[in-house]
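Undergrad: There's a structure below that I have some questions on.
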Amino acid sequence: MYNENAVAETGSRTQLPSMWLFRKSFDISRARPRNVSSGDLHAVSRLLRDGSRRFSLLSGNDLEILLAEGLGMALEAAGELRAVALISRSSEETCWLRAVAFAEGAESSAGITALMSALHASLKAAGVRHVYFGGDGNIEHWLLPTLRAIGYQHDTDVLVYEKQRFNIPSTGNATVHIRPATREDLPIVLRLDQVCFEPQWTKDDTILGPAIEQGPYFVVAELDGAVVGYAYATAHFGGRLMHLVRIAVAPEYRGQQIGVSLLADLISYARESGATAVTLNTQAYNQSAQRLYRWFGFAPTGERHPILRCDL
C-alpha cells in the first residue's frame with residue numbers, strides 16, 4: 001500500500017514522493033476547472049490537510065457525501081488537483097461554502113479567480129442565486145479578504161451567547177410534553193426546519209438525521225399529540241460544554257412558551273450531565289430570540305462571526 005509519508009532512498013539522494021503540494025513554481029493557467037467526484041476523495045483529503053491555504057467546516061462523513069454528489073469545483077493540471085472548493089446542498093437557491101483549499105502556487109489571485117469563477121458559473125447554471133460563507137475571522141483571515149475581493153459582501157454577524165449559572169426562570173408551557181426524538185420524527189423535524197428558518201439557515205437530513213440518532217441531546221416538543229417544536233445540542237470538552245445548535249417552534253404555535261419549555265429542558269439536561277456552561281449562536285438581526293436568551297440568563301460573550309454573501 002502506498003504510504004504518502006514514506007521516504008525512498010536512491011543512491012545518496014533522498015526523494016519524497018508526490019511533492020506537488022510544496023512546489024513554489026506553478027503556472028495556474030495550465031489548470032482546468034472540473035466538478036468534483038467521489039474519485040477525488042484521496043486528493044481532496046490531502047489538499048484539505050496539507051494545502052498551503054485551506055479552510056474546512058466538514059465533519060464526520062461530510063467529505064464523502066459532498067464528493068459523491070459532485071458538490072464542488074476543482075482545478076486540475078497534469079492529472080493532479082491544485083485547488084478545490086466544496087459547497088453544501090442548495091436550498092431554495094442558496095448554498096454555503098463548506099471547504100476551500102489550494103496547493104502551493106495555486107493560491108495566487110489568478111488561481112482563486114479561476115476556481116471561484118468556475119464554481120459560481122456552475123452554481124448559477126444550476127439555479128443557485130446566493131452563496132454564503134461563515135467562518136471565524138481570526139482563523140480564516142486569508143479567506144475573508146479574498147472573498148470580499150471577488151464580490152462577497154457582508155450579510156450579517158453570528159453572535160455567541162453563554163449561560164454558566166443553570167438557574168431556570170420558567171419551565172414554560174405546563175401542557176407541553178418534551179421527549180427524546182426518534183428516527184421516526186425526522187420528517188416532521190425537517191418540515192419544521194423549513195418553515196422556521198430562512199433558506200440559508202435550514203439543515204437537511206444529512207445533519208438532522210445523524211443528530212437525532214447519535215447526538216447527546218435531541219428532543220421534540222409535543223402539544224396535544226402533535227410535534228410543534230424541537231431542539232438539539234452537542235457536547236464538547238468531555239461534556240463540560242453543551243452547545244445549543246437548534247431550537248425551533250412552529251410559527252402557528254409561537255407565543256405559547258414552547259421555546260421556554262425547550263430551553264428549560266436543555267438547561268436541566270446540561271446540569272444533570274455535569275456541564276458547566278451552555279452556549280448558542282444567533283444572528284445579529286434576530287432581536288426577538290436575543291431577548292428570550294437574555295431573559296433566560298444567557299449573556300453575549302462578545303464573539304462575532306461575519307457572514308458573507310455572494311449574489312450570482
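The values are calculated or read from the model by the stated rules, or taken from the named source; none is laboratory data. Here the structure is a predicted model, which is why all the values come from computation and not from measurement. With ideal geometry, Cβ positions are generated from the backbone for all residues, glycine too; neighbour counts draw on all protein chains shown.
Undergrad: Is it the case that S261 is surrounded by fewer than 21 Cβ atoms within 10 Å (Cβ to Cβ), of a type in the set (G, A, S) and assigned by TED's automatic domain parsing to the domain that holds I168? Step through it out loud before you land on a result.
TA: Numbers: surrounded by fewer than 21 Cβ atoms within 10 Å (Cβ to Cβ): no; of a type in the set (G, A, S): yes; assigned by TED's automatic domain parsing to the domain that holds I168: yes.
Criteria not met by S261.
Undergrad: I would also like to ask the following. List pairs: first in region 231-252 and more than 22 Å from R179 (Cβ to Cβ), second assigned to a loop (DSSP other than H, G, I, E, B) and β-branched (V, I, T), Cβ under 7 Å, 6+ apart or cross-chain?
TA: Filtered contacts from region 231-252: R240/T276.
Undergrad: Now for a different question. Among the candidates R191, R179, R165, single out the residue that is more than 25 Å from M116 (Cβ to Cβ) and in a loop (DSSP other than H, G, I, E, B). Reasoning before the result, please.
TA: Values: R191 fails: in a loop (DSSP other than H, G, I, E, B); R179 fails: in a loop (DSSP other than H, G, I, E, B).
So the residue among R191, R179, R165 that is more than 25 Å from M116 (Cβ to Cβ) and in a loop (DSSP other than H, G, I, E, B) is R165.
Undergrad: Determine whether Y253 is under 18 Å from Y269 (Cβ atoms) and aromatic (F, W, Y). Don't jump to the end; show me each part of the working.
TA: Values: under 18 Å from Y269 (Cβ atoms): no; aromatic (F, W, Y): yes.
Considered against the rule, which asks whether it is under 18 Å from Y269 (Cβ atoms) and aromatic (F, W, Y), Y253 comes out as no.
Undergrad: Let me ask something else about it. Would you mention how many residues in region 232-261 are under 23 Å from the mean Cα position of the chain (by Cα) and not in a loop (DSSP other than H, G, I, E, B)? Walk me through it before giving the result.
TA: Residues of region 232-261 that are under 23 Å from the mean Cα position of the chain (by Cα), as a first pass: 232-249.
Imposing the further condition that a residue be not in a loop (DSSP other than H, G, I, E, B) reduces the set to 232-236, 241-249.
Within region 232-261, residues that are under 23 Å from the mean Cα position of the chain (by Cα) and not in a loop (DSSP other than H, G, I, E, B) number 14.
Undergrad: Filter region 285-303 down to residues that are loosely packed, with under 14 Cβ neighbours inside 10 Å and not in a helix (DSSP H, G or I) and give me whichever is farthest from the chain's Cα centre (by Cα).
TA: If we filter region 285-303 for residues that are loosely packed, with under 14 Cβ neighbours inside 10 Å, which is where we start, we get 285, 287-288, 291, 294-295, 299, 301-302.
Checking which are not in a helix (DSSP H, G or I) leaves us with 285, 299, 301-302.
On the way: Y285: 20, A299: 23, T301: 21, G302: 21 Å.
Once the filter is applied, the top-ranked residue is A299.
Undergrad: Output the qualifying pairs, or none if there are none: Cβ atoms under 8 angstrom, residues six or more apart or on different chains, first residue in region 195-223 and farther than 21 Å from V278 by Cβ, second residue of a type in the set (S, T, N, Q) and in a loop (DSSP other than H, G, I, E, B).
TA: Filtered contacts from region 195-223: L223/N173; L223/T175; L223/Q256.
Undergrad: Another question, then. Find the strands (runs of 3 or more DSSP E) located wholly in region 56-136 whose residues include 2 or more that are touching a Phe, Trp or Tyr at 6+ places or on another chain (Cβ under 7 Å) and closer than 19 Å to R309 by Cβ, and list them.
TA: Details: elements: 72-77, 80-87, 94-102, 130-134.
It comes to 94-102, 130-134.
Undergrad: Right, here's the next one. With respect to G229, is the statement that it is surrounded by fewer than 17 Cβ atoms within 10 Å (Cβ to Cβ) and either in a loop (DSSP other than H, G, I, E, B) or not charged (D, E, K, R) (or both) true?
TA: It is false that G229 is surrounded by fewer than 17 Cβ atoms within 10 Å (Cβ to Cβ) and either in a loop (DSSP other than H, G, I, E, B) or not charged (D, E, K, R) (or both).
Undergrad: Right, something else. Limited to region 25-51, what total is found for residues that are of a type in the set (S, T, Y) and under 17 Å from A114 (Cα atoms)?
TA: Pass one, region 25-51, residues of a type in the set (S, T, Y): 25, 29, 37-38, 45.
Those left that are additionally under 17 Å from A114 (Cα atoms): 29.
Total meeting the criteria: 1.
Undergrad: Let me ask something else. Which pairs do you get when a residue that is farther than 18 Å from L143 by Cβ, found in region 52-68, comes within reach of a residue that is of a type in the set (G, A, S) and part of a loop (DSSP other than H, G, I, E, B), reach meaning Cβ atoms under 7 angstrom, with the pair 6+ apart or on two chains?
TA: Pairs found: L67/S37.
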